[in-house]
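Here is the structure we will look at.
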Amino acid sequence: MKADKFNQNALSNHIAEHITEQIIKGELVPGDKLIEHIYAEEYGTSRAPVREAIYLLSIEGLVERIPRKGAIVKDYTENEIYDLLEIRIMLESMAMDRISRNGIDWNGLKRMKELLDKMNDVTDVHQYTQLNHSFHTALVEMSKSETIKTMYSRLGWPLLRIQSLSFASQGNIEKSVREHDLLIGLLEDGKLEEAADLLTSHNQDVIASMKRKMGKREGLK
């Protein structure tokens, strides 16, 4: 019985990851309904693991249940988008403060450099978004603060989805790579105050990019 439960949980997680990827890539857009029987047929299972997957995604903030309509891909309001991005700035600023107090974690910095090397060769928005999130997560982990790391992880998939919208704008990936390279250089040189200022400016530019994108969306209505 425990083995069956484990297998069902593993399948639910796998289905949730698949739906998440569809959302991040834009294959599913806000308002799209998640049809349980389609995923059940695709995975050759009952609807129970699919329902569990959808429940997991609702906790992550990617999906919401609408009465008499079912589960749909969540459409974030402007305020929700800006709140998520501003919380990100706050947590990363706190992480930089802890790094300044405790000193550079050279293994963490090495991890960031490895990720940047991969980012240099990527043009696909979905793949770059994933690497970018890993880069920033590596920075946050250098803080050695379990509280900051836990709070940052809760931004998770919603933040990935928002960032993918920003990176879809022409030139934003190239700009991101340049600024990440500068950030690593400042950290290596021990210029932590300048690194913190660059990181804040870098993150505020994402908010500005989203505001331009949201403005265009309003103009098309």
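The values are calculated or read from the model by the stated rules, or taken from the named source; none is laboratory data. These numbers were taken from a predicted model, which means no experiment stands behind them. Using ideal geometry, Cβ is built from the backbone for each residue, glycine included, and neighbour counts are taken over all protein chains shown. The area values use the complete protein model at the heavy-atom level, side chains included, leaving out ligands, DNA and RNA. Shrake-Rupley method; radii C 1.70, N 1.55, O 1.52, S 1.80 Å.
Observations
- Residue within region 112-126 that is among the polar types (S, T, N, Q), open to solvent by less than 10 Å² (accessible area, probe 1.4 Å) and assigned to a helix (DSSP H, G or I) present: no
- Exactly one residue out of Leu57, Leu11 is touching a helix residue (DSSP H, G or I) at 6+ places or on another chain (Cβ under 6 Å), of a type in the set (A, V, I, L, M), modelled with pLDDT of 90 or more and more than 30 Å from Ala168 (Cα to Cα): that is Leu11.
- Failed item in (1) over 17 Å from the mean Cα position of the chain (by Cα); (2) open to solvent by less than 20 Å² (accessible area, probe 1.4 Å); (3) hydrophobic (A, V, I, L, M, F, W, C); (4) modelled with pLDDT under 95, with Val73 passing the rest: (1)
- When region 145-199 is filtered for residues that are crowded, with 19+ Cβ neighbours inside 10 Å and small (Gly, Ala, Ser), the ones remaining, listed by number, are Ser145, Ser164, Ser166, Ser176, Ala195, Ala196.
- Pairs with Cβ under 6 Å, 6+ apart, first in region 138-162 and more than 18 Å from Leu109 (Cα to Cα), second among the aliphatic types (A, V, I, L, M) and open to solvent by 20 Å² or more (accessible area, probe 1.4 Å): Pro158/Leu84; Leu159/Leu84
- For region 16-66, the set of residues classified as assigned to a helix (DSSP H, G or I), within 22 Å of Val125 (Cα to Cα) and either open to solvent by 50 Å² or more (accessible area, probe 1.4 Å) or of a type outside the set (A, V, I, L, M, F, W, C) (or both) consists of Glu17, His18, Thr20, Glu21, Gln22, Lys25, Glu60, listed by residue number.
- Identity of the residue in region 81-96, open to solvent by 20 Å² or more (accessible area, probe 1.4 Å) and in contact (Cβ under 8 Å) with a residue 12 or more places away in the chain, that ends up nearest to Ala195 (Cα to Cα): Ser93
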